[in-house]
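Novice: Can you keep this structure in mind? I'll have questions shortly.
The values are calculated or read from the model by the stated rules, or taken from the named source; none is laboratory data. A quick note: this is a predicted structure, and the numbers were derived from the prediction, not measured. When we count neighbours, we look across all protein chains shown, and the Cβ atoms used for this are built from the backbone with ideal geometry, even at glycine. Remember, those area values only see protein heavy atoms, side chains included, never the ligands or the DNA or RNA. Shrake-Rupley method; radii C 1.70, N 1.55, O 1.52, S 1.80 Å.
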Amino acid sequence: MPTTTGATPTHCPYCALQCGMNLSPTPDGSVGVSERVDFPVNRGALCGKGATAPALLAPAGRLTGPLARDDAGALVPATWEEALDRVAARLARTRADHGPDAVGVFGGGGLTNEKAYALGKFARVALGSSQIDYNGRFCMSSAAAAGVRAFGLDRGLPFPLEDVSGTGCVVLVGANPAETMPPALRYFDGLRENGGTLIVVDPRRTRTARRADLHLAPRPGTDLALALGMLHLVVAEGRVDEEYVRRRTSGWEEARAAAMAHWPEYVERVTGVPAPRLREAVRLFCAPPAAMVLTARGPEQQAKGTDTVSAWINLCLATGRAGRPLSGYGCLTGQGNGQGGREHGQKADQLPGYRSLTDPGDRRHVAAVWGVDPRSLPGPGRSAYELLDALGTDVRSLLVMGSNPVVSAPRAAHVEERLRSVDFLAVCDVVLSETAAMADVVLPVTQWAEETGTTTSLEGRVLLRRRAVAPPPGVRGDLEVLHGLAARLGGGRGLEEKFPTDPEEVFEELRRASAGGPADYSGISYRRLAEEGGVFWPCPADVDGEGRARPAEGERAAGEGGATGGEWARGVAATTGGPPGKGGPRATHPGTPRLFLERFATDDGRARFAPVSHRPIAEEPDDTYPVLLTTGRVVSQYQSGAQTRRIDALNAAAPGPFVEVHPRLAERLGAAEGDSLTVVSRRGRVVAPARVTPGIRPDTVFMPFHWPGEGRVNTVTNPALDPTSGMPEFKVCAVRVEVTERREATGRNG
Ligand SMILES: Nc1nc2c(c(=O)[nH]1)N[C@H]1C(S)=C(S)[C@@H](COP(=O)(O)OP(=O)(O)OC[C@H]3O[C@@H](n4cnc5c(=O)[nH]c(N)nc54)[C@H](O)[C@@H]3O)O[C@H]1N2
Ligand SMILES: Nc1nc2c(c(=O)[nH]1)N[C@H]1C(S)=C(S)[C@@H](COP(=O)(O)OP(=O)(O)OC[C@H]3O[C@@H](n4cnc5c(=O)[nH]c(N)nc54)[C@H](O)[C@@H]3O)O[C@H]1N2
Ligand code: SF4
Ligand SMILES: [Mo]
């Protein structure tokens, strides 16, 4: 839908904010980006990554044709026929020799809903393998698990971001939107302008923390104790909302008893946050009528991330701050389609519509849409790190689509070694990422502005990303790749018909597969998305005059596994979705910006407390590894850097890795600004220059994870996994820091 100026309204390729932007051709043949003020979330504002995103479309530096390894082991150009033949033949051979579960698939949260859906279906139907997972496991999986545990449903934010400006107090836990989602800062600034308060919990005094009314800087990996300490004080100070707890929750007694063991003095010892600051946080959080807790990767990327998020949810529930206007718990999802990417079946245990691979009714529903026998669907597979760790042993061949685990997986040198040990590796990517460079066959694909598809933003808002430019010749879409592989794997039986290449056709199938499921998209269409600019799920197709969903055909029978999202969603529109349209027997469901206002998505409609207790980090420091390492992001690079490291303006702003060190630790190490430091853990060592700053705890160093090579921080990170979510402990491990070279010696200056 180009505008009168020839600009195409679309969305950013990068993070989950999915900022709206207009793209238009420029006279010099490149693509220009301009403000798209009609999209309410960013109203035209973009961060440096979004503003420079058109540079991704230039052919320079990207893959423009398939590559295949020759007999000498070099990656050389191949035709599409050769490349697809080779991939299909090798995957089929692995399957024949070792069984379907020896073929693995690794997806990404940057893939559109259509691609994520098709990839999950490809693994289960075309390959018959259970071994699929994706990089979202490394992202928000702990928050998702805790959300399901408490609310019966995981939608990162159960309310639009605009609500942040209207509430009374926000506790932002381990989130640094000033670097990771800059246009979202206006909601936090709005909060304070409206008289609300912002509490930031982060071991570093980040750009975000500097905007806060209160900054708590716990020792990394101790958020669980911190949240329980706050809950202890809520109880001790008589601040529990008893009436709400009675009416809307279950499990309070056990959770309360567990929290009461976390005395403020104990919490101070564990976290390093002084008890008076903890009391101050409780006072601010409980003062106004409405408040929110928002978490991001800080508390989530821990081997106890799920319990940690549960503890923050417990705090919200005990104080009556969930499922009420302007109150609630939310997770700031990260990747462009981090939300939709976890709903439509590329996760090891999941079927589309957020259905479960272990539920008989869910299996029947999806199998019917796919036209297969439910018994043919495999069971759940391994979580992302376990899958990578099984390469070369149980899993012999791997297809990667939309991830660069050589840089982004924990204990990355080991992962690299596992990737080297497989019989066959195929990677679909836009650029020759570090992972693609290891592949036997590389398939070059189209990207965001070159193709149409939908994403679901961190708010749960489903969006249409439109094709704005033609792709370079020689590249194909991911959907075409899956179609081509299915044709070959089907051996003339027409398997490719199950893998259409038109994204709208895939979306139409996704709608049916999701109908009646927790993430119900059945009332959403490309036409609606184009007209309305976005629709919040759940959005069931068939609603009565009251805006309540009718049971969809094929929806599982009552009594099978308790309340489905669909049954629950039937009550949604009338209560939270706004006006359901003009009465009559059928109406259009308006979508659901706000969840849980009347009831939670659990069997009994009540939110569930989780009785959690603090436990130590997976690797406590000792004499050999006395310092804590934490990791994260900088504003000008994205993830593994595969995309942003190709863009001059971003490289100029963020040229390489660094180690943030407190002046006291620097003094103890004898290190000065710019000195080359070696950071050593039980898994390896990395080298990067020191950045000395008082804005970090003296017992902790910080490194961003965007670079490969000797500064690749994931060489040292700990793959200890959360038992519920499978999340690795990216945010804390024990290291030793040594001065490699003085700055004068390295010749570095400034
Ligand atoms: N510029 C940029 N923006 C991005 C991305 C990017 O790579 N670059 N990636 C996108 C994606 S996929 C994601 S997931 C989001 C991530 O967005 P964020 O979660 O905001 O990013 P991080 O920097 O990983 O972590 C946030 C903060 O957690 C703090 N932290 C570290 N350890 C702990 C701890 O133990 N407890 C607490 N409370 N805090 C801790 C770090 O100091 C850091 O400031 O960003 C998205 N946006
Ligand atoms: N130490 C440490 N490690 C971390 C984190 C951390 O905080 N600390 N954070 C973790 C988190 S939250 C995340 S989300 C992961 C992300 O880690 P990765 O999964 O490595 O993320 P990206 O770098 O975004 O990789 C996406 C790849 O897909 C390609 N791509 C983009 N669009 C498409 C497409 O449409 N199709 C195909 N086929 N390819 C495409 C890109 O070019 C890129 O190579 O990293 C995790 N790793
Ligand atoms: S904040 Fe995220 S979505 Fe918005 S422009 Fe930056 S990277 Fe793109
Ligand atoms: Mo992420």
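Conditions tested, residue by residue: (1) under 23 Å from the mean Cα position of the chain (by Cα); (2) part of a loop (DSSP other than H, G, I, E, B); (3) within 16 Å of ligand 4 (Cβ to nearest atom).
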residue	(1), (2), (3)
Asp85	no, no, no
Arg93	no, no, no
Val105	yes, no, no
Glu114	yes, no, no
Asp133	yes, no, yes
Val148	yes, no, no
Pro158	yes, yes, no
Leu172	yes, no, no
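Novice: Kindly indicate which of Glu509, Glu497, Glu504, Glu531 is out of contact with any Leu (no Cβ under 9 Å at 6 or more places or on another chain), open to solvent by less than 50 Å² (accessible area, probe 1.4 Å) and assigned to a helix (DSSP H, G or I).
Specialist: Glu509
Novice: If you check every pair at least six apart or on different chains, which have Cβ atoms under 9 Å apart with a residue in the stretch 221-234 that is among the charged types (D, E, K, R) first and a residue that is open to solvent by 10 Å² or more (accessible area, probe 1.4 Å) second?
Specialist: Asp223/Gly174; Asp223/Gly298
Novice: Can Pro655 be described as buried (at least 18 other Cβ atoms within 10 Å of the Cβ) and either closer than 16 Å to Thr631 by Cα or without any contact (Cβ under 8 Å) to a residue 60 or more places away in the chain (or both)?
Specialist: For Pro655, the condition - buried (at least 18 other Cβ atoms within 10 Å of the Cβ) and either closer than 16 Å to Thr631 by Cα or without any contact (Cβ under 8 Å) to a residue 60 or more places away in the chain (or both) - is not met.
Novice: Somewhere in the stretch 177-198, is a residue open to solvent by 20 Å² or more (accessible area, probe 1.4 Å), touching a Pro at 6+ places or on another chain (Cβ under 8 Å), under 24 Å from Arg324 (Cβ atoms) and assigned to a loop (DSSP other than H, G, I, E, B)?
Specialist: The answer is no, given that none of the residues of the stretch 177-198 is open to solvent by 20 Å² or more (accessible area, probe 1.4 Å), touching a Pro at 6+ places or on another chain (Cβ under 8 Å), under 24 Å from Arg324 (Cβ atoms) and assigned to a loop (DSSP other than H, G, I, E, B).
Novice: Still on this structure, I have one more. Scan the stretch 4-29 for residues that are more than 16 Å from ligand 4 (Cβ to nearest atom) and either more than 20 Å from Leu161 (Cα to Cα) or assigned to a strand (DSSP E or B) (or both) and report the count.
Specialist: 18
Novice: Taking the stretch 120-154 as the region of interest, how many residues are closer than 18 Å to Val462 by Cβ and more than 16 Å from ligand 3 (Cβ to nearest atom)?
Specialist: Of the residues in the stretch 120-154, 5 are closer than 18 Å to Val462 by Cβ and more than 16 Å from ligand 3 (Cβ to nearest atom).
Novice: Yes or no: Arg219 open to solvent by 20 Å² or more (accessible area, probe 1.4 Å) and under 19 Å from Thr306 (Cα atoms)?
Specialist: yes
Novice: Kindly provide the set of residues from the stretch 434-465 that are open to solvent by 20 Å² or more (accessible area, probe 1.4 Å) and not aliphatic (A, V, I, L, M), ordered by number.
Specialist: Correct list: Glu434, Asp440, Glu451, Thr452, Arg461.
Novice: Please state which one of Gly345, Gly340 is within 16 Å of ligand 3 (Cβ to nearest atom) and closer than 30 Å to Glu114 by Cα.
Specialist: On inspection, the qualifying residue turns out to be Gly340.
Novice: Give the stretch 620-633 a look and list any residue that's within 16 Å of ligand 2 (Cβ to nearest atom) and either open to solvent by 20 Å² or more (accessible area, probe 1.4 Å) or aromatic (Phe, Trp, Tyr) (or both), or say none.
Specialist: Residue satisfying the conditions is Arg633 alone.
Conditions (1) open to solvent by less than 10 Å² (accessible area, probe 1.4 Å); (2) on the phi > 0 side of the Ramachandran plot; (3) not in a loop (DSSP other than H, G, I, E, B); (4) not hydroxyl-bearing (Ser, Thr, Tyr), marked per residue:
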position: Glu660; (1), (2), (3), (4): no, no, yes, yes
position: Arg668; (1), (2), (3), (4): no, no, yes, yes
position: Ala671; (1), (2), (3), (4): no, no, no, yes
position: Arg685; (1), (2), (3), (4): no, no, yes, yes
position: Ala690; (1), (2), (3), (4): yes, no, yes, yes
position: Pro698; (1), (2), (3), (4): no, no, no, yes
position: Val701; (1), (2), (3), (4): yes, no, yes, yes
position: Glu738; (1), (2), (3), (4): no, no, yes, yes
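Novice: When both residues are 6+ apart or on different chains and their Cβ atoms are under 8 Å apart, which pairs have a first residue that lies in the stretch 584-598 and is among the hydroxyl-bearing types (Ser, Thr, Tyr), and a second that is modelled with pLDDT under 95 and in a loop (DSSP other than H, G, I, E, B)?
Specialist: Once the first residue is among the hydroxyl-bearing types (Ser, Thr, Tyr) and sits in the stretch 584-598, its partners that are modelled with pLDDT under 95 and in a loop (DSSP other than H, G, I, E, B) give Thr588/Pro580; Thr588/Gly581; Thr592/Gly577.
Novice: Identify, by number, the condition in (1) open to solvent by less than 30 Å² (accessible area, probe 1.4 Å); (2) in a loop (DSSP other than H, G, I, E, B); (3) touching a residue at least 60 places away in the same chain (Cβ under 8 Å) that Gly44 doesn't meet.
Specialist: Failed condition: (3).
Novice: Can you tell me which of (1) on the phi > 0 side of the Ramachandran plot; (2) surrounded by fewer than 17 Cβ atoms within 10 Å (Cβ to Cβ); (3) in contact (Cβ under 8 Å) with a residue 40 or more places away in the chain is the one Glu254 doesn't meet?
Specialist: (1)
Novice: Tell me, yes or no, whether the stretch 223-237 has at least one residue that is buried (at least 19 other Cβ atoms within 10 Å of the Cβ) and in a loop (DSSP other than H, G, I, E, B).
Specialist: The answer is no; no qualifying residue exists.
Novice: Report yes if some residue within the stretch 244-262 is more than 17 Å from Val309 (Cβ to Cβ), hydroxyl-bearing (Ser, Thr, Tyr) and modelled with pLDDT of 95 or more; otherwise report no.
Specialist: Checked against the condition, which is being more than 17 Å from Val309 (Cβ to Cβ), hydroxyl-bearing (Ser, Thr, Tyr) and modelled with pLDDT of 95 or more, the stretch 244-262 yields at least one hit.
Novice: When the stretch 466-483 is examined, which residues are found to be in a loop (DSSP other than H, G, I, E, B) and either without any contact (Cβ under 8 Å) to a residue 40 or more places away in the chain or within 16 Å of ligand 3 (Cβ to nearest atom) (or both)?
Specialist: Passing the criteria: Arg466, Ala468, Ala470, Pro471, Gly477.
Novice: While we're here: Mind checking which residues of the stretch 266-293 are crowded, with 22+ Cβ neighbours inside 10 Å and either farther than 17 Å from Asp213 by Cα or within 16 Å of ligand 3 (Cβ to nearest atom) (or both)?
Specialist: Within the stretch 266-293, Val267, Thr271 meet the criteria.
Novice: Conditions first: (1) more than 30 Å from Cys169 (Cβ to Cβ); (2) touching a residue at least 40 places away in the same chain (Cβ under 8 Å); (3) touching a Leu at 6+ places or on another chain (Cβ under 9 Å); (4) open to solvent by less than 10 Å² (accessible area, probe 1.4 Å). Gly336 passes all but one, so which condition is the exception?
Specialist: Checking Gly336 against (1) more than 30 Å from Cys169 (Cβ to Cβ); (2) touching a residue at least 40 places away in the same chain (Cβ under 8 Å); (3) touching a Leu at 6+ places or on another chain (Cβ under 9 Å); (4) open to solvent by less than 10 Å² (accessible area, probe 1.4 Å), the one that fails is (1).
Novice: Further question on the same structure: Under 6 Å between Cβ atoms, at least 6 apart or on separate chains: pull out the pairs that start in the stretch 95-112 with a residue that is surrounded by fewer than 19 Cβ atoms within 10 Å (Cβ to Cβ) and end on any residue that is part of a loop (DSSP other than H, G, I, E, B) and at pLDDT 95 or above.
Specialist: Between residues of the stretch 95-112 that are surrounded by fewer than 19 Cβ atoms within 10 Å (Cβ to Cβ) and residues that are part of a loop (DSSP other than H, G, I, E, B) and at pLDDT 95 or above, the close pairs are His98/Arg396; Pro100/Gly128; Pro100/Ser129.
Novice: Now for a different question. Checking the structure you have, find out if any residue of the stretch 365-375 is open to solvent by 10 Å² or more (accessible area, probe 1.4 Å) and touching a Phe, Trp or Tyr at 6+ places or on another chain (Cβ under 9 Å).
Specialist: Checked against the condition, which is being open to solvent by 10 Å² or more (accessible area, probe 1.4 Å) and touching a Phe, Trp or Tyr at 6+ places or on another chain (Cβ under 9 Å), the stretch 365-375 yields no hits at all.
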